[in-house]
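The values are calculated or read from the model by the stated rules, or taken from the named source; none is laboratory data. These numbers were taken from a predicted model, which means no experiment stands behind them. So basically every Cβ, Gly included, is an ideal-geometry build from the backbone, and we count neighbours across all protein chains shown. Just so you know, the surface numbers come from the protein's heavy atoms only, side chains and all, with ligands and any DNA or RNA stripped out. Shrake-Rupley method; radii C 1.70, N 1.55, O 1.52, S 1.80 Å.
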Amino acid sequence: MEALYATVTGFLAASGLYLALRGRTFPVVVGLTLLSYAVNLFLFSTGGLTTNGAAVIQEGVSYYADPLPQALVLTAIVIGFAMTAFSVILAMRVRGDLGSDQVNDQREESKEDKS
Amino acid sequence: MMHHLIILPILLPLLSGLLMLVKRDSVVLPRRAIALVSTATLLAISAVLVVQSDSGEITYYALGDWQPPFGIILVLDRLSALMVCLTSFLALGSVAYACAGDDRKGSNFHGLFQLQLMGINGAFLTGDIFNLFVFFEVLLIASYSLLMHGGGKDRTQAGFHYVALNLAGSAMFLIALGVLYGTTGTLNMVDMSQKVATLDPSRLGLLKAGAFLLLVVFGLKAAILPLYFWLPRAYSSAPAPVAALFAIMTKVGVYAILRIYTLIFGDSAGELANFVQPWLWWFALATLALGGVGVLSARDLRSQVAYLIIISVGTLLVGVSMSREAPFAALLYYMIHTTLATGGLFLLADAISEQRGKAGARIVSGRGVTQPALLGLFYFVGAMTVVGLPPLSGAIGKVLLLDSALPSEQPWLWSLLLLSSLAGLIAMSRSGSAVFWKATRGDEEGPRLKVAMLAGLILLIGASPVMSILAGPITRFTDASATQLLDHSAYVEAILSHNVAGGDS
């Protein structure tokens, strides 16, 4: 299970990083979102992978999963969600204000070339 | 009651920020009143905290009474009290300046400003490394919106770069935290420092990778050499009061490096003791050199100040990488000075550009300012202090730092620090003479400084002469902070010895 989990997380992170390095705002936003998914999965696994383990202490149970990463990942998901929403709106604002969805403003660079 | 004072620098801005969410489009006056009262109260509270921390005792506040190492705690020592006090002082100057009219240019300026203060104060006070991440996010998301305050093409573009970079930074922060938690099994900084010292050698490599990743994240916030390219554009396009507050944001990164790499990976860390410092030394020196080049190349007053911030970050991190008591004391004094001076200069650049009409903040000869004597005086004091000419505070800070270098460190530190100061001096004299002396006669009828702007400028730029006069008490406090910071056993004693007895908070 560890190998599969690690492969999936690594692949997600690699795809996210690739997209985040693209030149247009939409792939960048999607890339950052994928990256945050990968990070959440990674964070979830930092306490070790367990199946069917109880997270809260109860009587008569001796097999536990580490509850702290679960709490951390919940926080990270909430924060990541808000950040994604913000960056989507910002990308639309970039499109509206600059009339292009390039991350680097092309017109400005060509203007500097001329001067 | 005094015990609960530690959490007030976080709760007070939160409450006033929330208060301003009610009726968002209401008239601006009550919001200004709330913002000013809240920030002034914050300054008073943080001054009390500084006095309280000066007893030398390290106190902590256990949230929900969950004792460390399990619960989240806020830690008050000399350093965190000093940083909170510095933040509230800078914020008071910025809020005062914003009340002159910058707060009307977009919606809910004061609310966002207070929430950003909450994030910054939280980052300085927390003793839990995941909580540090949460407060970083709070201050970042408030800064995203503040950076865009007032709108405009330049701000949107700079804002997108800033947001995308910081989102990637947050992802790396989480990976680093995951690695640290996975190897040490704790998130409390002091507890982690103990676990690091006794870690199984086979896991050291993983821990080291996590610690380096964390350095990259903090380096991005602090803007050290390969990671600073976002800063000049973001800071020079931000509205003036926001840019002034951002002067403390890079210092949050510097503070985090100082805290993490002396408390967790400091002298007590066994095999990993002080392992990032040699790296940091070279990167900080390179940052210093490039900041000097950048300040000469700037064509705009605002980006000139942004490069001055990069010089100051280089200077501070050189001090951090020396990892001894004397450089720490020097850099804390320099940190107070540089934060207030660069914040004040951002405000001044805005005041100048408003009075020059079309020429704006560009460093060209054009129409003169309406009040050349007043603004010229501010510029003179601000420029003198930021490049480090005696008798102002910049000179004291730099001399303290130069003096603390060992003979082996002197050739690099002395030459680069002095050269970058020289670059700053040349750049500031050039832009000063272009703006004030080569100008055509200013329009007598032009816009004049409003009282609120004057108050902000006096607070931030006037702080420098005051800091020279009070250099004695301030250096006594920073010396004591440096001693406390390096006394690792005091932190262990203060934070971890209670949990057996059940704690007393």
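Tabulated data
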quantity	calculated
Charge dipole (debye, nearest 20) of the protein assembly as shown; +1 at Cβ of Lys and Arg, -1 at Cβ of Asp and Glu	2260
Degrees, to the nearest 10: B:78-98 long Cα axis against longest axis of chain B	30
Length gained when the stretch B:Leu206-B:Glu409 is fully extended (0.36 nm per residue, less Cα-Cα span)	70.0 nm
Those trypsin sites (Lys or Arg not before Pro) in region B:19-82 that DSSP places in a loop and that have at most 13 other beta carbons within 10 Å	B:Lys23, B:Arg24
Computed over chain B, Cα set: Rg, Dmax in Å	21.9, 74
Residues with amide H under 5 Å from that of A:Arg24, placed H, sequence gap 5 or more	A:Val103
Exposed GluC sites (Glu not before Pro) absent: longest stretch of chain B, with sites in DSSP loops and at most 14 other Cβ within 10 Å deemed exposed	B:58-443
Modelled label reach - B:His3, point 7 Å along Cα→Cβ, region B:47-91 residues with backbone N closer than 14 Å	B:59-68, B:74
Calculated FRET value between B:Ser497 and B:Met172, using beta carbons and R₀ = 30 Å, to 0.05	0.30
Tail weight of P(r) past 21 Å, computed on alpha-carbon pairs of region B:276-490, percent	54
Förster radius 41 Å - calculated FRET efficiency between B:Leu18 and B:Trp279 (Cβ-Cβ, nearest 0.05)	0.45
Residue-averaged 222 nm ellipticity for chain B, from DSSP H runs of 4+ at -39500 (n - 2.57), nearest 500	-23000 deg cm²/dmol
Normalised per residue, the volume of the convex hull around the Cα set of the protein assembly as shown (Å³)	160
Helix B:277-297 vs. chain B, principal-axis angle (Cα, 0 to 90°, nearest 10)	10
Heavy atoms of B:Lys105: accessible area, 1.4 Å probe, square angstrom to 10	120
Kirkwood-based Rg to Rh ratio, region B:458-497, C-alpha trace	1.26
Estimated FRET transfer efficiency (A:Leu17, A:Val88; beta-carbon r; R0 22 Å; 0.05)	0.70
